[in-house]
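Everything below concerns the one structure shown next.
The values are calculated or read from the model by the stated rules, or taken from the named source; none is laboratory data. These numbers come from a predicted model, not from an experiment. Note that each Cβ is placed from the backbone with ideal geometry, even for glycine, and that neighbours are counted across all protein chains shown. The accessibility values were calculated without ligands, DNA or RNA, using every heavy atom of the protein model including side chains. Shrake-Rupley method; radii C 1.70, N 1.55, O 1.52, S 1.80 Å.
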Amino acid sequence: MNKQAVVLSTSLEETLREVVSQYVFDKLFILTDTHTAALCLPRISMLPALSGYTEISIAAGDVHKTLDTLATVWQKLSDGGATRHSLLINLGGGMVTDLGGFAAATFKRGMQYINIPTTLLAMVDASVGGKTGINFNGLKNEVGVFAPANTVILYAGFLESLDRENFFSGYAEMLKHGLISNNEHFNELLSFDADAINYTALGKLVAHSVRIKEEVVNQDPFERGIRKALNLGHTVGHAFESLALAENRAVLHGYAVAWGLVCELYLSCVKTGFPKEKLRTVVQFVKESYGLFYIECDQYEQLYTFMQHDKKNRAGVVNFTLLKDVGNIVIDQTADKQQIFEMFDFYRECMGI
Ligand code: GLY
């Protein structure tokens, strides 16, 4: 897999001028969703470097990360005369970078693309590392390919307009990166003042977080081994998201990951000796910052079924990434149904459900 260039930008206009001038392309397309079309595209649409581009806009929200939306993007690329030598810029959150990346990777068997993530979640996770795809059959990111953007532009200025929910959604992935890296970074994240955000400090934390992800991805781009570390919190998190989707009570991805971290750190305590006081710290942080996701005992079976579809599994045995301690990762762990149900009991109890 090609290594992607991650560019930290303090002036989006300047960075785009420099980055786009390095590409040779016949046609330029910019993919937005309804939010970024209104709020972000106007910032760059007049740039000479982007002159003559064709805009493709899709409906915002994870519920639209579908085969139908993907087909409309392929159709618009086709109508606009896109070739294998065209360039697509994905301007948006994780839904846009995931779906746009998949469209770019598959149209005419692949064209060049640039990600400009506009949310914290997309900056620290979705836009970096080459995972692209769509939801399918009620399952998150069920169909997709590994195809890294040629360039990812991280423009810190977008962080300043984040609302609280989108800040914490992205922050959950940063916490995960803290948990898989070291105590110093983890503690730095826990003590960051989210009520009075210092955007310069946040920009530095974002850069650090992306470096952690890049280091892992560079070692194992196709997730055969250590990249599974990045799935910490996601085996359960994705099941919560799928349940939420099925019940029409959609939750932000990072929130599901935060609740998933509580569950999987509990399993880590039980199975691999993760320190209890650190679990307590995470539970406290998650309760205060993310509230709770309500589940009943009679939904455990359904959650378990969702977990059996996790992409890391083999032969239906649920695969977890666990920790022995902060920075001490153990991949390819399993838990049986009873342990998984006990994990949900713990989650409900600690969340006060
Ligand atoms: N979001 C986890 C990964 O990129 O591997």
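Would you point out which residue out of Ile116, Ile134 is of a type in the set (Val, Ile, Thr) and under 30 Å from Tyr199 (Cβ atoms)? Walk me through how you get there before you give the answer.
Values: Ile134 fails: under 30 Å from Tyr199 (Cβ atoms).
Within the list Ile116, Ile134, the selection yields Ile116.
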Margin query: Within region 187-200, does at least one residue satisfy the condition of being surrounded by fewer than 23 Cβ atoms within 10 Å (Cβ to Cβ) and within 16 Å of the ligand (Cβ to nearest atom)?
Written below: no
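Considering each of Leu245, Leu252, Leu292, Leu232 in turn, give the residue that is under 21 Å from Asn166 (Cα atoms), in contact with a strand residue (DSSP E or B) (Cβ under 6 Å, 6 or more places away or on another chain) and among the aliphatic types (A, V, I, L, M). Spell out the reasoning first.
Working: Leu245 fails: in contact with a strand residue (DSSP E or B) (Cβ under 6 Å, 6 or more places away or on another chain); Leu252 fails: in contact with a strand residue (DSSP E or B) (Cβ under 6 Å, 6 or more places away or on another chain); Leu292 fails: in contact with a strand residue (DSSP E or B) (Cβ under 6 Å, 6 or more places away or on another chain).
From the options Leu245, Leu252, Leu292, Leu232, the qualifying one is Leu232.
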Next item on the list: Given the conditions (1) out of contact with any Gly (no Cβ under 7 Å at 6 or more places or on another chain); (2) open to solvent by less than 30 Å² (accessible area, probe 1.4 Å); (3) within 16 Å of Val143 (Cβ to Cβ), report the number of the one that Leu77 does not fulfil.
Entry: (3)
Checklist line | Residue within region 210-228 that is more than 11 Å from the ligand (Cβ to nearest atom), open to solvent by 10 Å² or more (accessible area, probe 1.4 Å) and within 23 Å of Thr281 (Cβ to Cβ) present | finding: yes
Notebook entry, point to check: How many residues are in a loop (DSSP other than H, G, I, E, B) and in contact with an Asp or Glu (Cβ under 6 Å, 6 or more places away or on another chain) if we restrict to region 48-82?
Noted result: 1
Item checked: Filter result (open to solvent by 10 Å² or more (accessible area, probe 1.4 Å) and within 11 Å of the ligand (Cβ to nearest atom)) within region 117-137 -> Leu121, Asp125, Ala126, Lys131, Thr132
Checklist line | Single condition Ala105 does not satisfy, out of (1) at pLDDT 95 or above; (2) within 19 Å of Thr36 (Cα to Cα) | finding: (2)
Notebook entry, point to check: within 16 Å of the ligand (Cβ to nearest atom) and among the hydroxyl-bearing types (Ser, Thr, Tyr), is that true of Thr235?
Noted result: yes
Check: Which pairs have Cβ atoms under 7 Å, sit 6 or more apart or on different chains, and link a residue in region 329-353 that is at pLDDT 95 or above to one that is of a type in the set (Gly, Ala, Ser) and part of a helix (DSSP H, G or I)?
Finding: Ile329/Ala229; Ile331/Ala229
Next item on the list: Determine whether region 240-256 contains at least one residue that is open to solvent by less than 20 Å² (accessible area, probe 1.4 Å), free of Cβ contacts under 8 Å to residues at least 40 places away in the same chain and away from the ligand (no atom under 16 Å from the Cβ).
Entry: no
